[in-house]
Amino acid sequence: MNDLNQSIDAIVRLALSEDIGSGDITSKAVVPAELSGSAELVAREQLVVCGHTVAKKVCTSVDARLRYSEVVAEGELAKATQRVSILEGPVQSILSAERVVLNFFQRLSGIATTTREMKNLLGDSKTELVDTRKTTPGFRMLEKYAVGVGGGVNHRIGLFDAFLIKDNHIDAMGGNISQAIEACRKLGEQFLQVEVRNQEELNQAIVANPDSILLDNMTPAEVEEAVALVRDTSADIILEISGGINRSNIASYADCGAERISSGALTHSAGSVDLALDYL
């Protein structure tokens, strides 16, 4: 949570700096400084609400007198035209905070909504839906937070908190997966995952016994064969499906027997949802 709060503080400062800069000249010119009022954040489409914490930080950073009240709780479904939250205080400050509040809320709610939709496509499957590092630079902690709000599970945060031996690592090592895994084990005890593309690499990985094997760009039939092969050898290796997973095909992998399905589409392809801030 501390890492998340630090990310929120930093990105809100940056967002306000680029948007307000030396001051909101239009609001200062048009709206009397002493005027107080309120506005409502309204969903223009059905969405999973995500962004209250960031929106509050934006408001208090613009003006400590601004009051932000949640109406629909974080992670809950808001219907089109439904009020999500209320802002109260100096109207100049509400108008200055408006666009930044909306930018964060639309993006984070878009990710949470996409995650919920893809999770629902898995039906009753016990397979977890996991995110990736395919995030907006500087926005990773917030985007991974939004995945969690939508019902997904966070993969590693970055290159520092878990080993993931990918195809380029394997190719750089001349295809020797066992040697790559052994080198990681010597360096540290973090969670160790290896990506495999075919039967030969899978056989090498099974013998080396990593914590997890990532089955990359395999068809559902190929995944089922790989799962059966691994389970004949080990019940402890966590299996993850990855590569091109999106709304159109995720359901076909739901019952393949892997513990995880990871998808970059949760973040890199999630669109912003439609919300508006209406003056009351």
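Assorted remarks:
- Selection from region 61-71 of residues that are surrounded by fewer than 14 Cβ atoms within 10 Å (Cβ to Cβ) and touching a residue at least 24 places away in the same chain (Cβ under 8 Å): 65
- The set of residues from region 150-173 being assigned to a loop (DSSP other than H, G, I, E, B) and either under 12 Å from the mean Cα position of the chain (by Cα) or of a type in the set (Val, Ile, Thr) (or both) comprises 150, 151, 152, 154, 155, 156, 157.
- Filtered residues of region 30-60 (kept if crowded, with 24+ Cβ neighbours inside 10 Å and either modelled with pLDDT under 95 or not aliphatic (A, V, I, L, M) (or both)): 50, 51, 59
- Any hit, region 10-17, residues being over 22 Å from the mean Cα position of the chain (by Cα) and either surrounded by 12 or more Cβ atoms within 10 Å (Cβ to Cβ) or aliphatic (A, V, I, L, M) (or both): yes
- Filter pass, residue 216 being in contact with an Asp or Glu (Cβ under 6 Å, 6 or more places away or on another chain), among the charged types (D, E, K, R) and at pLDDT 95 or above: yes
- Listed conditions (1) more than 14 Å from residue 127 (Cβ to Cβ); (2) without any contact (Cβ under 8 Å) to a residue 60 or more places away in the chain; (3) charged (D, E, K, R) are all met by residue 247, apart from (2).
- Scanning region 174-211 for residues that are crowded, with 20+ Cβ neighbours inside 10 Å and either touching a Gly at 6+ places or on another chain (Cβ under 9 Å) or of a type in the set (Asp, Glu) (or both) gives a single hit, 195.
- Residue that is surrounded by the most Cβ atoms within 10 Å (Cβ to Cβ) [pool: residues in region 108-150 that are out of contact with any Gly (no Cβ under 8 Å at 6 or more places or on another chain) and of a type in the set (Lys, Arg)]: 144
- Residues considered: 189, 222. Of these, the only one that is within 29 Å of the chain's Cα centre (by Cα), assigned to a helix (DSSP H, G or I) and farther than 14 Å from residue 175 by Cβ is 222.
- Applying a threshold of 7 Å to beta carbon distances and a minimum spacing of six or more residues, or different chains, the list of pairs starting in region 119-148 at a residue that is of a type in the set (Gly, Ala, Ser) and ending at one that is surrounded by fewer than 21 Cβ atoms within 10 Å (Cβ to Cβ) and in a loop (DSSP other than H, G, I, E, B) reads 123/254; 125/254; 125/255; 148/154.
- Among the residues making up region 32-60, those that are under 15 Å from residue 100 (Cα atoms) and assigned to a loop (DSSP other than H, G, I, E, B) are 50, 51.
Quick grid of which residues meet (1) within 18 Å of residue 214 (Cα to Cα); (2) of a type in the set (D, E, K, R):
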residue: 83; (1), (2): no, yes
residue: 92; (1), (2): no, no
residue: 113; (1), (2): no, no
residue: 131; (1), (2): yes, yes
residue: 155; (1), (2): yes, no
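- Single match in 215, 275 (criterion: in the same structural domain as residue 98 (by TED's automatic domain parsing), buried (at least 16 other Cβ atoms within 10 Å of the Cβ) and touching a residue at least 12 places away in the same chain (Cβ under 8 Å)): 275
- 1 or more residues more than 23 Å from residue 241 (Cα to Cα) and of a type in the set (Val, Ile, Thr): qualifying strands (runs of 3 or more DSSP E) within region 61-149: 83-90
- Flag for residue 84 being β-branched (Val, Ile, Thr), in contact with a strand residue (DSSP E or B) (Cβ under 6 Å, 6 or more places away or on another chain) and either more than 14 Å from residue 43 (Cα to Cα) or buried (at least 17 other Cβ atoms within 10 Å of the Cβ) (or both): yes
- Residue 153 vs. criteria under 28 Å from residue 112 (Cβ atoms), surrounded by 14 or more Cβ atoms within 10 Å (Cβ to Cβ), among the β-branched types (Val, Ile, Thr) and in contact with a Lys or Arg (Cβ under 8 Å, 6 or more places away or on another chain): yes
The values are calculated or read from the model by the stated rules, or taken from the named source; none is laboratory data. This structure is a prediction, so every number in the text was calculated from the model and none was measured. A quick note on method: Cβ atoms are made from the backbone with ideal geometry, for glycine too, and the neighbour counts reach across all protein chains shown.
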